[in-house]
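Trainee: Here it is: the structure, laid out below.
What follows draws every value from the coordinates through simple rules; no lab data is involved. All values derive from a computational prediction rather than experimental measurement. In this analysis, Cβ positions are derived from the backbone assuming ideal geometry, glycine residues included, and neighbour counts consider all displayed protein chains.
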Amino acid sequence: MSGDLTTTRPLDTLELMINMGPQHPSTHGVFRMVVWVDGERIVNMEPYIGYLHRGSEKLSEGELYNQVITLFDRLDYVSNFNNELTFCMAIEKLMGVQVPERAQYIRVIMCELNRIASHLLFYGTFGLDVGAMTPIMYGFRDRERIQSIFEAVSGARLMHNYFRVGGLRQDVPSDFRERMERLLPQLEQGVEECDQLLSYNEVFLARTRSIGVLTKEEAIAYGASGPVLRASGVPEDVRVSEPYSVYDRFDFNVPVGKKGDCWDRYYVRVEEMRESLKIIRQVLAQLPDGPIMAAGVRRIIRPPRGEVYVRTENPRGDFGVFLVSDGTDKPYRVKIRPPSFLNLQAMQAMMRNAYVADVVVILGSVDIVLGEVDR
Amino acid sequence: MAEQPPRPHRREEAPTAGPALDERGTALMALLADRLATFQPQTAAVLDEVVVTVPRERLVEVLELLKGDEQLDFNYLRCLSVVDYKTYFEVVYHLWSLAKRHKAVVKVRVPYEDAKTPSVIPVYRGADWYEREGHDLFGLMFEGHPNLKPLLLYEGFDGYPGRKSFPFHEYNEW
Amino acid sequence: MSPTLAVFYLLAAITLGSAVAVVSSRNVVYAVLALLLSLVAVAGLFILLLAEFLALVQVLIYAGAIIIVLLFALMLTRVEEFARVRDNPQRPIALVVAGAVLGILIAAFLRFSPATQELKHVGVTALGSELFTRWAIPFEVASLVLLVALIGAIVIARAGGRE
Amino acid sequence: MSLAATVLVPLLGLLALFTFLSAVVLSLVWIERKFLGRIQMRLGPMRVGPFGLLQPVADAVKLVTKEDVMPFGANRALFWVAPLAMFIPAFMVWVTIPFARDWVIRNLELGLFYVVAVSVLSIVGLVMAGWSSANKYAVLGALRAAAGLISYEIPVVMVALAVAMLAGSLNLVEIVERQAPIYAVVAPLGALLLLFSGLAETGRTPFDIYHAESEVAGGPYIEYSGAHWAVFYLAEYVSTFALGVLISLLFLGGWRGPWLPPVLWLLIKAYAVILVIFWMRGTFPRLRIDQLMSLGWKVLVPLSFANILIAGVQLYYRWPWWALTLMSVALIVAVSFEVYRRVVLAGGKPEVELVPARELRRKVPVREEFKTTKVSSEGQQG
């Protein structure tokens, strides 16, 4: 008689193991989370990465320095300028190259525009993650305007390959200033519209406040950076704490969150867009004339032996490059510190008491780019 | 690309980047040497960074000291890199102090044959994935790491593609 | 055979057939869906008896709510385990109960011939006033029972949630 | 002759109804895409036909000609039956819904009750689809659908009851005829309750959790493609249209209105309600399941009982109709303020702090602890 099932033992409720990703609409790329749920509540979560591992670090060891820049474009494919800048700065620092003023200023403009573009993309996809379908259209409208500037300046919409060791590949087009004067008011208005559309929507607040809280201590311990770290209440911004390029000449604010929940992470980015616009205004006002390449930088670069670590403030956080040079024309070792990699790792700490629907929101609020996580 | 013919460059003549410490860096270097005296570190300056090389057995102690010391206060692990120097590995810890805003580099050397080094997760929680990655790509054992599963490569991948000796040209995936 | 009678036989066949399927099906989900079919067919029978209100209540409460709750519970449990249940120690009791019900039905069938009473359509207004005047006390007692069950369910759920 | 009267005429009516509903669904698809496009600053479909009018037709052709895929391990019978199990109840509802005074297939005495009862059955199709797809997202979606339906069925029934009390009838034609001022004015609370719970039952934003694209990737529909998916789609739009028509009938005076023919009035009102639904879709994010449940059980269910209560009080004491309006509005205001206070103002209005970079730069600590004399507080990047 096997009839004991119905009498002695209560029926188990099924603890469901769900494989979110690698193909799932809101994993933002090929990322996989194995989630154990009890009903709708998360019991356990394990992230799996590596689906986009292209061995960028190893590939760099076989390329000339200028060729490696193209690889850096493909790491975080929504903030390409920032990545290029970091790598170029690493070599410049190693070689002691002084980059001309004009090139520095144009670099800052490009990086800040890139930051806005990246945050606009975040804004749109985060809207989709919480189930609102309109924000992405608003975000993409303005992102598209930025992309057309990128295209005009670098010739490419996505993989720019524009910065060079010692300066820029070419100067900006002659109507650059007029285009920027047209673009900036549009962007300023666009950011305000985005803010009004979503930020204080009641349902949005209900979905993001007190969700996925990352405390200050946890954020530091996990090595989180960028908006994730700032949302947790740490006023750390590489542009301020370790100023690079010409950032120490501009005046802007560093948005800092109070609770470290999803809403804070979201709103820090909205504020950052405003601050970036402020920076661009200042840069444009000060933009000097002059050369765009440092004198004496050859096409084949042979930096001296040594090692250098350079970090910059990427839209996603603290992007670092550790470069070991053996004096040849190819890097001996390139180690990339991808901010998303560590922010994603910190996501495990945000999963306390989350529901299935929250996983998506939390992941969205961390804003990862898997090209950078997996490298 | 390990199996390429020697390139026509003048490795011997390549200059070495000299130290360029500012005053803060010099001060920090002196302070580090003072604090870590018991560990007999090799302290050097590379460009604007202070580099401290410590024996790997005492790495965790050193990091704990650096993190706990009030004046040093290195509470943030910026980067953990493994560099393959063909005869030995160097594990490089880039530290940063969020409050005091200074930086330092801690290095340990790990011989090729005995590729083991202690895990620093007890000190820096965020080292978890870095160490998994180092194990994955370089075959370095991080002793004490709770979960050294492959991170970037798939399970069952043979070899350590981060190493200089990995035979890329002979490697067939299928 | 009048169309009404034909429809009646059809509905009765569906009712009985799916009822058999409920107890004989190895797959619980099939069993629940067969139960749904049976209940809907019973609602059809009610309509034939001009008891439209009852038919709709049957659909709303049984088909709509109870079946959904059953399916809900099934999806949360390990369905594979049901497949392994071949026997049930309650079978003798079930047999007795089923036999008793059958007996009552047969007795009822023998005492009342089906065509003795003329079918009469009762409007919902009449039904309502009847319920709240003549049958007010049984009605209230029934609702009290339901209320007790509701409170009991809440208490059980809360006790489970607190541990 | 009698056979023709009893069988043929209703059959023809059903056929006409089906054709009409298909046309309505096509128009709704087009309107939704166009309207959402406008909300989102795009044009919406433009290429197929004038103003993209033929886009839904093209979609339909595509869906019908697409390959029907069934996942390995799915329960074959249930998987194929599920779309029909959802569509048939959604369609059956229309048997008793009047488009004008005499434009109805069967004017049932219990019409309103019938609509409420039969529409519940749709959910069985969803649950079947979720269970038979052999997919965990589908199961999760089906669970959500079942939980949502059970919670929101109660307010729907209660609102229907309150309307029946006001009209003194469950017959939809009579309910329309007896609205002296339309019930949206008499009982605004009921209208809102029906709109919200109806949205939840038809699974529309902000209550679209059961097929939430970003969470359960389509829920019960995840494995469906081609014609079977199209049937689900059809059923969903038919239900949405039914909600629009039901709200128009119960609260907006149905087909009554000056100048235009009655049918047109009903359609105008129904489409207006549906535009509001689409508007919400363009504006709101999605609620989480526990928030959906709290809203249902803690707000809508008590409110629907309160709605019956105030209707009863007004009827019993024979107060003028505006007394009910006043009570309704007072309740709406009180509850929405309370919800707003709890959700938005909980713990103060959220904001982030803006720390000026200048201040942070100044905060670079003075290096006195390094025991060296000279101090440089500037960054070291050259």
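Trainee: If you restrict to DSSP beta bridges whose two residues both lie in the protein assembly as shown, what percentage is antiparallel, to the nearest 5?
Mentor: Roughly 90 percent of the DSSP beta bridges within the protein assembly as shown come out antiparallel.
Trainee: Another question, if that's okay. Hey, what did region D:75-343 get for relative contact order, percent, Cα under 8 Å, at least 6 apart?
Mentor: Relative contact order for region D:75-343 comes out at 23 percent.
Trainee: Arrange A:Glu188, A:Glu178 by Cβ neighbour counts within 10 Å, fewest through most, would you?
Mentor: Neighbour counts put them in this order, fewest first: A:Glu178, A:Glu188.
Trainee: Return the sequence-ordered ³J(HN,Hα) values of region C:152-158 in whole Hz as given by the Karplus equation 6.51 cos²θ - 1.76 cosθ + 1.60 applied to θ = phi - 60°, using x for Gly and Pro.
Mentor: x, 4, 5, 4, 4, 5, 5
Trainee: Please report, in debye to the nearest 20, how large the charge dipole of chain D is about its Cα centre when each Lys and Arg carries +1 at its beta carbon and each Asp and Glu carries -1 there.
Mentor: 1040 debye
Trainee: Still on this structure: Could you tell me which trypsin sites (Lys or Arg not before Pro) in region A:317-359 are loop residues by DSSP with no more than 13 other beta carbons within 10 angstrom of their beta carbon?
Mentor: The qualifying sites are A:Arg352.
Trainee: Now a separate question. Using modelled backbone amide H atoms (1.01 Å from N, in-plane), which distant-in-sequence or interchain residues come within less than 5 Å of D:Val355's amide H?
Mentor: A:Val254, A:Val256
Trainee: Can you check how the C-alpha radius of gyration of chain D compares to 2.2 N^0.38 Å, as a plain ratio?
Mentor: 1.25
Trainee: Amide H to amide H under 5 Å from A:Ser245: which residues, 5+ apart in sequence or cross-chain, H placed 1.01 Å off N in plane?
Mentor: Residues meeting the criterion, in which the H sits 1.01 Å from N, do not exist here.
Trainee: Give the relative contact order (percent, whole number) for chain A; include only Cα pairs under 8 Å separated by 6+ residues.
Mentor: The normalised contact order for chain A reaches 25 percent.
Trainee: Still on this model: Based on alpha-carbon positions alone, could you give the equivalent ellipsoid semi-axes of region D:1-65 from the gyration tensor, as √(5λ), descending, whole Å?
Mentor: Calculated on Cα positions only, the semi-axes equal 36, 12, 8 Å.
Trainee: May I have the pair-distance distribution P(r) for region D:86-184, computed from all Cα-Cα distances with 5 Å bins from 0 and rounded to whole percent?
Mentor: 2, 13, 18, 19, 16, 11, 9, 6, 4, 1, 0
Trainee: At a Förster radius of 56 Å, what calculated FRET efficiency corresponds to the Cβ-Cβ distance of B:Thr87 and A:Asp38, to the nearest 0.05?
Mentor: Calculated value: 0.60.
Trainee: Moving to a separate point now. List the pairs from A:Lys258/B:Lys67; A:Lys259/D:Lys349; B:Lys67/B:Lys149; A:Lys259/B:Lys67; B:Lys86/B:Lys116; A:Lys58/B:Lys86 whose alpha-carbon separation is above 18 Å, in the order I gave them.
Mentor: Long pairs (Cα-Cα over 18 Å): A:Lys258/B:Lys67; B:Lys67/B:Lys149; A:Lys259/B:Lys67.
Trainee: Pairs of alpha-carbon atoms within less than 8 angstrom and 6+ residues apart define the contacts here; what relative contact order does region A:125-243 have, in percent?
Mentor: Computed over region A:125-243, the figure is 18 percent.
Trainee: Between A:Gly21 and residues 5 or more places away or on another chain, which pairs have amide H atoms under 5 Å apart, with H built 1.01 Å from N, and which residues are they?
Mentor: Here the answer is A:Met33, since their amide H atoms fall under 5 Å of that of A:Gly21.
Trainee: Treating the Cα atoms of region D:172-319 as identical point scatterers in vacuum, please give the log10 of the normalised Debye intensity I(q)/I(0) at q = 0.09, 0.12 Å⁻¹, two decimals.
Mentor: Per q value, in the given order, log10 I(q)/I(0) is -0.35, -0.61.
Trainee: Separate question: Please arrange D:Ile123, A:Ile146 by counting, for each residue, the other beta carbons lying within 10 Å of its beta carbon, fewest first.
Mentor: By the 10 Å Cβ count, ascending, the order reads A:Ile146, D:Ile123.
Trainee: From the backbone phi of region B:144-154, what are the Karplus-calculated ³J(HN,Hα) couplings (6.51 cos²θ - 1.76 cosθ + 1.60, θ = phi - 60°) in whole Hz, Gly and Pro given as x?
Mentor: Values, residue by residue: x, 6, x, 7, 8, 6, x, 10, 9, 8, 7 Hz.
Trainee: Kindly provide the Kirkwood hydrodynamic radius of the protein assembly as shown in Å, to one decimal, from all pairs of distinct alpha carbon atoms.
Mentor: Evaluated over the protein assembly as shown, this radius sits at 33.5 Å.
Trainee: To continue, here is another question. Against the longest alpha carbon principal axis of chain B, how many degrees, from 0 to 90 and to the nearest 10, is the axis of helix B:127-138 turned?
Mentor: 40 degrees
Trainee: Next question. Roughly how compact is region A:309-375, stated as its Cα Rg over 2.2 N^0.38 Å to two decimals?
Mentor: It is 1.44.
Trainee: Next question, about the same structure. Evaluate Rg over Rh across chain B, taking Cα atoms for both radii and Kirkwood's formula for Rh.
Mentor: With Rg and the Kirkwood Rh in hand, the quotient comes to 1.01.
Trainee: Please compute the modelled spin-label separation between D:Val57 and D:Ala77, points set 7 Å along Cα→Cβ, answer in nm with one decimal.
Mentor: With each label point 7 Å from Cα toward Cβ, the separation is 4.0 nm.
Trainee: Only bridges whose two residues both fall in region B:18-143 count here: according to DSSP, what percent of them are antiparallel, nearest 5?
Mentor: 80 percent
Trainee: Give me the aspartates and glutamates in straight-line cross-link reach of A:Lys330: C-alpha distance below 18 Å, same-chain residues under 8 apart excluded.
Mentor: Of all the aspartates and glutamates, those that pass the test against A:Lys330 - Cα under 18 Å, at least 8 places apart if same chain - are A:Glu57, A:Glu61, A:Glu63, A:Asp73, A:Glu84, A:Glu92, A:Glu307, B:Glu3, B:Glu12, B:Glu13, B:Asp84.
Trainee: Output wanted: per-residue J couplings in Hz (rounded whole) for region D:44-50, from phi through Karplus 6.51 cos²θ - 1.76 cosθ + 1.60, θ = phi - 60°, x for Gly and Pro.
Mentor: Listing the rounded values in order: x, x, 10, 8, 8, x, x Hz.
Trainee: Okay, moving on. May I ask you to sort A:Tyr51, D:Tyr317 by Cβ crowding, counting other Cβ atoms within 10 Å and putting the fewest first?
Mentor: Fewest-to-most ranking of A:Tyr51, D:Tyr317: D:Tyr317, A:Tyr51.
Trainee: Shifting gears a bit: Quick one: Cα centre-to-centre distance for region D:180-200 and region A:88-122, in angstrom?
Mentor: That distance is 58 Å.
Trainee: Could you work out, for region C:122-163, what percent of all Cα-Cα pairs fall into each 10 Å distance bin, beginning at 0 Å and stopping at the bin that holds the largest distance?
Mentor: 26, 29, 22, 16, 7, 0
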